[in-house]
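Undergrad: Following this message is one structure expressed as C-alpha cells.
The values are calculated or read from the model by the stated rules, or taken from the named source; none is laboratory data. Because the structure is a prediction, the values reported are computed rather than measured. All Cβ positions, even for glycine, are placed from backbone atoms using ideal geometry, and neighbour counts span all protein chains on display.
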Amino acid sequence: MPKSQYVDPVEIRKKGAITFKDIPVNQYDKTIEEEKKNFSTEDLLRIYRDMAIIREFETMMNDIKTMGEYNGVPYNHPGPAHLSIGQEAAAVGQAYLLDIDDFIFGSHRSHGEILAKGLSAINKLPDEELMKIMKDFRDGIILNIVEKRNTSGNVKELAIDFLIYGAMAEIFARETGFQAGLGGSMHAFFTPFGIYPNNAIVGGSADIAVGAALYKKVNRKKGIVIANIGDGALGCGPVWEALCLSAMDQYKKLWEGEYKGGLPFIMNIFNNHYGMGGQTRGETMGYDLLARIGAGVNPEQMHAERIDGYNPLAVIDAIGRKKKLLLKQKDGPVFLDTVTYRYSGHSPSDASSYRSKEEIDTWMEHDPIITFRKQLVDAAVAPDSAFDEIIENARSLVTKTLKLAIDDSVSPRMDLNKDTQAIAKLMFSNQRIEKMEERECEVLMPKEENPQWKRVQKKERFGLDKDGKPVSKNRVYQLRDGLFEAIIDKFYTDPTLVAYGEENRDWGGAFAVYRGLTESLPYQRLFNSPISEGAIVGSAVGYALCGGRPIIELMYADFLGRAGDEVFNQLAKWQAMSAGQLKMPVVLRISVGSKYGAQHSQDWTSLVAHIPGLKCVFPVTPYDAKGLMNSALSGTDPVIFFESQRIYDVGELFHKEGVPEGYYEIPIGEPDIKRDGKDITILTIGATLYRALDAAKILEEKYGLSAEIIDARSIVPFNYEKVIESVKKTGRILLTSDACERGSHLKDMAQTISELAFDYLDAPPVVVGSKNWITPAHELEEFFFPQPEWIIDAIHEKILPLPGHVPTTNFTNQELLRINKLGV
Amino acid sequence: MATPVIMPRQGNSVESCIITEWFVKKGQEVAEGDVLFSYETDKAAFEEESKVSGTVLELFFEEGDDVPVLTNVCVIGEQGEDITPFVPEGAQIDNTEQQEGANASSDSAENQTVKEIEVPDTIEPQHEQIALKTDGEIFISPRARNLAEKIGADIRYADPTGPNQRIIERDIRKLQQEGLLVTPGAKEAYKNLDQSIKGLGLGGRITTSDLNKSVVAESKPVEVASGVKDEVEYEEVKLSNIRKVIARTMHSSLSEMAQLTLNTSFDATEIINLRKKLKANAEKMGLTNITLNDILLYAVSRVLLMHKAINAHFTGETIRYFSNVHMGVAVDTERGLMVPTLFNANKKSLNDIAIETKELAQACQKGTINPDYLQGGTFTVTNLGALGIESFTPVINPPQTAILGVNTTEQRIREVDGTIQSYTAMSLSLTFDHRAVDGAPAARFLKDLTQALENFNVLLAK
C-alpha cells in the first residue's frame, strides 16, 4: 500500500546529489577465436546464413521497388517497403538466443527481425513441433503451398520456405500471406514463433510490448518481451509513457510474492541514426548517446547500454546477459541502444539527400556481410567459398519464393468479389468467452465477504418506492453499483482480468466505481498507472493480444486525444489487420464529464463511432450498465464503454423488477424503449435520456403529445429495427445527445433513419446536440448542453409546430445556415 | 447539291413520328415520286415520297425510330457528295436521349386535355375554372403524401401547418376528419379508416359501398397443364401506336369516369323517308349521298346546342362548355378505331356534313388523316347500326362528357288508336359521365333528340 510509503518532507527537502553509474558503450570486444568455445562452426555459419537471407530478401524488395524486377523476375509492388538493408547483424544477433516464448514487437522496418526471429525459432524447434505449427497455422494453407515444391524431406528447410513465403506473400498482400494480406509489410507477424505484430506507427510497439510483458508477469508466462523501435521513435510521447509504465516502482516495491520484481521487458532501439529525414544525434534529439535515456528512467538506469549492432556476436552477448537479468534477477526493464545503419532510405522514395554518400560508403565498408565473413574466414571457421555458397543459396531461396509469392494461381489476393464480406467478417471477432484462461482467480477474499459488495447487496434495486417516490441516494442501487457488480464478478471469474488506470487502487476510481475492489484484489490485478493515457491503452492492447483481458480507464472523454493512436490505430485495427488471428478483449471505460469546463466535459462518442473496429456503448441506467458491462467483459472485441459523470448515482427507473442480483447480459447493439408513445420518437445517446424524459412530460402535459423515447444504449453496433418501427408509427424523430452537434454521430443516425424510413417521415429527423463551442463553466452549462426546452423548441420549429408555443431558443433554418457559415 | 428529306410535320400538335418502313436503301437510285418511307404518329400513318431524283446517300434513322418532325431523315443526291451538313443531332443521340424524346411526345399527347385546342376554324373555348395550387407549389412530407394517397384525400385542399408551409400528417388527417370527398353516410366510418380506398361515388367521393368493398384479390396466372405448355396457341403481335392510344384512352375512360348508358328508341319513319327522297333527288339537286348517319349527325349537332353539359369537357376540376359542336365521328379502320372531328358541325348544312364526314372517314381509312382532325371533339357519335347491333354501351372519349351510340333499325309494332301497326324504329344508346352530367339532363337530351329526329323536317326548317 502506498500509505506505507511515507513521503517524508525531511527526506525530500534534504541536500544531496543524484549519481549515475557509467553506461557501457560497445564494451564487447571478444574475438572469434575467443568465441569459438561458445559457438560451433555450424552456429557461426548459421548466423551468417541468417544475415545473408535477410540481406537477399531486402535486396529483392529494393530491386522490385526501384527497378521492377529481381534476378530476372519482373514484378510491381505498389505497397510499402521500409528496408533494413544494413541492419541484419543486429536482428540476427538479437534473435539468436530468443525462444518462441520470447516475444518481439517491431516497427515499419522489421522484415529482418521477422526473418531472424523465425530462423532462430526454426533452428531451435524439434521437427515434430515445427510440422505441427505449420499444419495448424491457418489450416495448413501456407504449408500446402511450400510442401508441394520442397522435396528435400528436411523439415527445417521446409520451415524456412514456409517463413520466407509467409512473410513475402504477406508483404505482397496475398491471401496466402501470414495475415491473409491484410497486414502487409509493416504489420506482418507470426505468433507461433514469438514474432508479434510490427507496427506502422513510429514507436507504436513500445507500449503494446509493455502490455505484453505485463501479461507475462501477471499471468506467470515464460519468456521476455522486446519492443524493437527506431531511434526516431524516442521523440514520440507514447514511447516515454511506455518507458514509465515499464519501470514503475510498484513492481519491485509493492507487488508481492512471486509477482515482485521488474517487468521482463527490453526496450530495444535499433539506432540507425535517422528518423525520417532528421539525424537524431546532432540534429533532432539531445541525448548525444541514445543509451543515456535509460539513466533518466529509474535508479537501475534501465541497465542501459550501447551495443554494436554491426557485430552479431556483440548483440548475442548483450541479449544473453539481459535475458538472465530479466528472468533470473527479475530486475527489468532493460534499455538497449543497438547501433546499426540503414543503407537504403526511409523508403524507396527517399533519396537520402540529408546524408553524404561518403557516410553511406564508409558504413558499407563496415558491412557485417563483408566484415563478419572476413573475421570467420580469418579465424578459419570456414573457407571463403563456403560463404559464396551461403549467399548463392539465399539468392535461390529468395528467387524461388518470389516466383511463388507473385504467382496469382498459387498466391491469389483475397477475393472480395466472391466473398464481399471477407474483410467485414474480420472487423469483430464476436465471440463470447467467459474467461480467457482456465485457472483459479487470485483474490484476497471471497466475493461475498467484500465489504463494498455486501453494502451494495443491501441497496434498493429499483429507484422508486411503492408510492412511486424516488428512493434516497444513500439507499438506492446506483449506476456505479451496476458497474461494480459486473466488474467484481468478472474478477472472480476470469483470472486474466486486470484493471488499471490513474486512480484505480485505494482511491477506487475518481467516480467511486472501483470502491471496494482494492480489498479483494492483489496488486498485480488492480493497480495505479502513471498519467500515461497512451500507454494505458497501448499496454492493454498488448495485454489482450497475448491472451488476457484488461479493463482500463480514461477518466474523461477529453483525454481520448492523449490516447489517440492507441485507441484509433491499435485497439481498433489489430483484429482485422491480423486476419482474425488476434483477439482484442479490452474494455476501455471512458467517463463523459461535466462541470469542469472545456477540457473535461466534452462527449467524444462520435469520434469513436467513426473508427471502424471499435464497439461503443453508453448505458445510462443501472440495469443497462450492469448488463452491458457483463457483455463487454465476456466478449472478445474492444468495447469503448462510455459513462456519464452526471448520473453515476442514478437509480433504476425503467426495469420494474429492479436490477437483478444475478448475472445477466444485455446484448451490445440493441437500443431500448424507455417510454412508449405514439406522436414523436426521441432517440437519445447518453445522459440526455433524462432531459428527453423531462421534455416528454412537457409535451404530454402542455401539448397533448405522447413521445416515445428510445435509449440507444449502444452506438456501434446498432440495430435500427426498433427505431424504424417507432418512426413508422410516429412519423417523427428527434435525436439528442451531449455531443457537439456538428459531426455528431446522431447526424449519421438521422441520415440512416432518413434512408430507412423516408416514406414514413412527416418531417426530417432533427438533431439536438451541444453547441459547437467550448464547454463553458458549470454555471453556464445550460446554454451549452441540450435542455428539455431545446427539444420542445426544435420540435416546434422543425417537426410539428405546437399551438401556442413560444420558443426561447433559435432552431430556425436561418440559424442553422448562420452557425454553419460561421463554423460555430 | 444533295437534298435532305425531313420528317414532315403532320399537324401542329405533332412533335415526332415513328418510321414504320423504309422502302429504299442507302445507295439506291430513286426517282421523283418514289415512296421513300412510311411513318406514323400515334393517330395516323403516312408515306413520304421523294421530291427529287438521285441516289440515297444516307439514312439517318432506322425503322421504329421516333424522329422529331422537321429533322433530316435521309439525304438524296449525287454519289460521293458530302452529307455531313445534313447529319441531324438526333442521329447520333444515345438511347437515353431518345427515350426522353419519346416520353416528351407521349407526355404531350396525354397533356392535350389541358392544352388549348387548336382547330382549323378558330373557336373561343369557354370554360370556368377554380384556382387551386398545382402539385409543384405544394410542400408535403412523405408521410402526409402517402396518407393522402391511401385515404383518397386531395392534398390541394390541405391547409399546411408544418414548418415552412409544409403539409404534414395532421393536415391530411384534418381533411379526413372533415370528411372531405366523402359522402355524409360514409363519413363516420371513414374517419377512422387507415387503409387504401378509392372513392367511386360522385366526383370520386367515397361512399358507404366503397368502404364495404373488400380488396380485390390479385389474379393469379392460370396454370397451364404441362402437356400443352410448349404448344404455341397464339400469335403475339406488338401493339401498334394506335392500339396503344386506344387502349390507354379507353381504359382511363372507364377507370376514371362514372359512366352509365341510357337507351331509347324513336320512330325512324320520317328520316327513312327523307333519306329516300334525298337519294332520289341527289343528282338533280347536286347533293351527295346522304346517309341516315349524316341525318343523325345533323340532328345531334343541333340538339346539343341546347344541352351544354353534354357538349363539354370534364377535367376533374373544371368543366368546359362549348358554344359550338365539334362532332367526333367514330370510324372503323384497319388500324383500329379512329375518331376524326367534324368541327363546327352545328354550322354546317346536312349536305356539307355528309360530304365532310365521308372525306374524314376515307382519310382515316387510308391513314392520311391530318392529326389535327383527330382531336378537339366535344361530343362523339358512333354507329354500329350497320352491323345489326340493337343496343350497346359506347365508351366516352375523354375528356368529353358523353357519347351517342347509334343502333340498327328494326320493325316494331305499336298500338295506335286501338289498332296495332308496325313501324321502323331506331334505337340510341347514350353513355354519359355522371361526374359531369346527371341522369335527368341526359335523358332530356335524348328526349329532345328523338323528338327532333321524329320531326326532322321541322328541324331542317329551323
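Undergrad: Give the number of residues within segment A:5-29 that are surrounded by 13 or more Cβ atoms within 10 Å (Cβ to Cβ) and either under 30 Å from A:N123 (Cβ atoms) or touching a Leu at 6+ places or on another chain (Cβ under 7 Å) (or both).
TA: Matching residues across segment A:5-29 total 5.
Undergrad: Let me ask you something else. Within the set of pairs 6+ apart or on separate chains, which have a first residue in segment B:143-162 that is at the interface with chain A (Cβ under 9 Å from one of its Cβ atoms) and surrounded by 17 or more Cβ atoms within 10 Å (Cβ to Cβ), a second that is acidic (D, E) and in a loop (DSSP other than H, G, I, E, B), and C-beta atoms under 7 Å apart?
TA: B:R143/A:D762; B:A144/A:D762
Undergrad: Give me the pairs: first residue in segment A:538-554 and basic (K, R) and at pLDDT below 95, second residue in a strand (DSSP E or B) and buried (at least 24 other Cβ atoms within 10 Å of the Cβ), beta-carbon distance under 6 Å, and six or more apart or on different chains, which are they?
TA: none
Undergrad: Yes or no: A:V239 out of contact with any Lys or Arg (no Cβ under 9 Å at 6 or more places or on another chain), in the same structural domain as A:I360 (by TED's automatic domain parsing), free of Cβ contacts under 8 Å to residues at least 40 places away in the same chain and under 29 Å from A:Y500 (Cβ atoms)?
TA: So A:V239 fits the description; yes.
Undergrad: Can you spot a residue in segment A:311-332 that is acidic (D, E), touching a Leu at 6+ places or on another chain (Cβ under 9 Å) and in a loop (DSSP other than H, G, I, E, B)? Spell out how you get there, then give the answer.
TA: Looking only at segment A:311-332, we keep the residues that are acidic (D, E), and these are A:317, A:331.
If we keep only those that are touching a Leu at 6+ places or on another chain (Cβ under 9 Å) as well, we get A:331.
Imposing the further condition that a residue be in a loop (DSSP other than H, G, I, E, B) reduces the set to A:331.
Scanning segment A:311-332, I find at least one residue that is acidic (D, E), touching a Leu at 6+ places or on another chain (Cβ under 9 Å) and in a loop (DSSP other than H, G, I, E, B), so the answer is yes.
Undergrad: So which residues in segment A:437-484 are farther than 18 Å from A:M629 by Cα and hydrophobic (A, V, I, L, M, F, W, C), if there are any at all?
TA: Scanning segment A:437-484 gives A:C441, A:V443, A:L444, A:M445, A:F462, A:L464, A:V471, A:V476.
Undergrad: Of the residues that make up segment B:330-353, is at least one among the acidic types (D, E), surrounded by fewer than 19 Cβ atoms within 10 Å (Cβ to Cβ), in the same structural domain as B:R414 (by TED's automatic domain parsing) and within 18 Å of the chain's Cα centre (by Cα)?
TA: First, pick out the residues of segment B:330-353 that are among the acidic types (D, E): B:332, B:334, B:352.
Filter again for surrounded by fewer than 19 Cβ atoms within 10 Å (Cβ to Cβ), leaving B:332, B:334, B:352.
From the residues that got through so far, the ones that are in the same structural domain as B:R414 (by TED's automatic domain parsing) too are B:332, B:334, B:352.
Among the residues that remain, those that are also within 18 Å of the chain's Cα centre (by Cα) are: B:332, B:334.
Yes, that holds for at least one residue.
Undergrad: Now, a different point. Any residue that is assigned to a strand (DSSP E or B) and of a type in the set (D, E, K, R) - is there at least one of those in segment A:622-642?
TA: Within segment A:622-642 (the criterion being assigned to a strand (DSSP E or B) and of a type in the set (D, E, K, R)), the answer is no, since none of the residues qualifies.
Undergrad: Given segment A:1-87, what helices (runs of 4 or more DSSP H) lie entirely inside it while holding 3 or more residues that are among the basic types (K, R) and assigned by TED's automatic domain parsing to the domain that holds A:H187? It would help to see each step written out before you state the result.
TA: On the way: elements: A:9-12, A:32-35, A:41-67.
Hits in segment A:1-87: A:41-67.
Undergrad: With the condition kept exactly as written, say whether any residue in segment A:807-817 is surrounded by fewer than 12 Cβ atoms within 10 Å (Cβ to Cβ) and more than 12 Å from chain B (Cβ to nearest Cβ).
TA: Yes, segment A:807-817 contains a residue that is surrounded by fewer than 12 Cβ atoms within 10 Å (Cβ to Cβ) and more than 12 Å from chain B (Cβ to nearest Cβ).
Undergrad: Would you call A:I640 surrounded by fewer than 24 Cβ atoms within 10 Å (Cβ to Cβ) and touching a Leu at 6+ places or on another chain (Cβ under 7 Å)?
TA: no
Undergrad: From the list A:A188, A:A200, which one is buried (at least 23 other Cβ atoms within 10 Å of the Cβ) and more than 22 Å from A:K322 (Cα to Cα)?
TA: Going through A:A188, A:A200 in turn, just one is buried (at least 23 other Cβ atoms within 10 Å of the Cβ) and more than 22 Å from A:K322 (Cα to Cα): A:A188.
Undergrad: Go over the candidates A:K15, A:K21 one by one and state the one that is farther than 25 Å from A:E157 by Cβ, out of contact with any helix residue (DSSP H, G or I) (no Cβ under 8 Å at 6 or more places or on another chain) and modelled with pLDDT of 95 or more.
TA: A:K15
Undergrad: Counting only residues that are among the hydrophobic types (A, V, I, L, M, F, W, C) and within 14 Å of chain B (Cβ to nearest Cβ), which one in segment A:709-751 is nearest to A:V592 (Cα to Cα)?
TA: Once the filter is applied, the top-ranked residue is A:L734.
Undergrad: Taking segment A:409-441 on its own, how many of its residues are of a type in the set (F, W, Y) and assigned by TED's automatic domain parsing to the domain that holds A:G166?
TA: Adding up the residues that qualify gives 0.
Undergrad: Let me ask something else. Only one of (1) farther than 23 Å from A:Y341 by Cβ; (2) part of a helix (DSSP H, G or I); (3) in the same structural domain as A:V315 (by TED's automatic domain parsing) fails for A:A91. Which number is that?
TA: Of the numbered conditions (1) farther than 23 Å from A:Y341 by Cβ; (2) part of a helix (DSSP H, G or I); (3) in the same structural domain as A:V315 (by TED's automatic domain parsing), the odd one out for A:A91 is (1).
Undergrad: Could you tell me whether A:L97 is more than 22 Å from A:G542 (Cα to Cα), touching a Gly at 6+ places or on another chain (Cβ under 8 Å) and crowded, with 17+ Cβ neighbours inside 10 Å?
TA: So A:L97 fits the description; yes.
Undergrad: Is it true that some residue in segment A:737-746 is outside any helix (DSSP H, G or I) and without any contact (Cβ under 8 Å) to a residue 24 or more places away in the chain? So that I can check it myself, show each step before the final result.
TA: Looking only at segment A:737-746, we keep the residues that are outside any helix (DSSP H, G or I), and these are A:737-744.
Now restrict to residues that are without any contact (Cβ under 8 Å) to a residue 24 or more places away in the chain: none.
No, the conditions are met nowhere in segment A:737-746.
Undergrad: Identify the single condition in (1) in the same structural domain as A:L163 (by TED's automatic domain parsing); (2) out of contact with any Asp or Glu (no Cβ under 6 Å at 6 or more places or on another chain) that A:R395 does not satisfy, given that it satisfies every other one.
TA: Every listed condition holds for A:R395 apart from (2).
Undergrad: Ok, one more. Is it the case that some residue within segment A:756-779 is part of a helix (DSSP H, G or I), touching a Lys or Arg at 6+ places or on another chain (Cβ under 9 Å) and away from chain B (no Cβ under 14 Å)?
TA: So far as segment A:756-779 goes, yes, one or more of its residues are part of a helix (DSSP H, G or I), touching a Lys or Arg at 6+ places or on another chain (Cβ under 9 Å) and away from chain B (no Cβ under 14 Å).
Undergrad: Please enumerate the residues belonging to segment A:94-118 that are over 26 Å from A:G345 (Cβ atoms) and not in a strand (DSSP E or B).
TA: A:Y96, A:L97, A:L98, A:D99, A:I100, A:D101, A:D102, listed by residue number.
Undergrad: A further question follows. Which ranges mark the strands (runs of 3 or more DSSP E) fully within segment B:1-93 that have 3 or more residues being in contact with a Cys (Cβ under 8 Å, 6 or more places away or on another chain)?
TA: B:35-40, B:54-59
Undergrad: Sticking with this structure for a sec: Wholly within segment A:507-593, which helices (runs of 4 or more DSSP H) include no fewer than the required count, namely at least 1 residues that are within 30 Å of A:F178 (Cα to Cα), in contact with a Gly (Cβ under 7 Å, 6 or more places away or on another chain) and among the β-branched types (V, I, T)? Break it down stepwise before answering.
TA: On the way: elements: A:517-520, A:533-545, A:574-577.
Filter on segment A:507-593 gives A:533-545.
Undergrad: Can you find a residue in segment A:648-667 that is part of a helix (DSSP H, G or I), crowded, with 22+ Cβ neighbours inside 10 Å and either touching a Ser or Thr at 6+ places or on another chain (Cβ under 7 Å) or hydrophobic (A, V, I, L, M, F, W, C) (or both)?
TA: Scanning segment A:648-667 turns up no residue that is part of a helix (DSSP H, G or I), crowded, with 22+ Cβ neighbours inside 10 Å and either touching a Ser or Thr at 6+ places or on another chain (Cβ under 7 Å) or hydrophobic (A, V, I, L, M, F, W, C) (or both).
Undergrad: Report the residue count in segment A:71-91 for those that are buried (at least 23 other Cβ atoms within 10 Å of the Cβ) and in contact with a Leu (Cβ under 8 Å, 6 or more places away or on another chain).
TA: 1
Undergrad: Name every residue in segment A:258-284 that is surrounded by fewer than 19 Cβ atoms within 10 Å (Cβ to Cβ), in contact (Cβ under 8 Å) with a residue 40 or more places away in the chain and either hydrophobic (A, V, I, L, M, F, W, C) or closer than 21 Å to A:K222 by Cα (or both), in order of residue number.
TA: A:Y259, A:K260, A:G261, A:M276, listed by residue number.
Undergrad: Which one is modelled with the lowest pLDDT, of the residues in segment A:511-537 that are of a type in the set (A, V, I, L, M, F, W, C) and surrounded by fewer than 20 Cβ atoms within 10 Å (Cβ to Cβ)?
TA: By that ranking, first place goes to A:A512.
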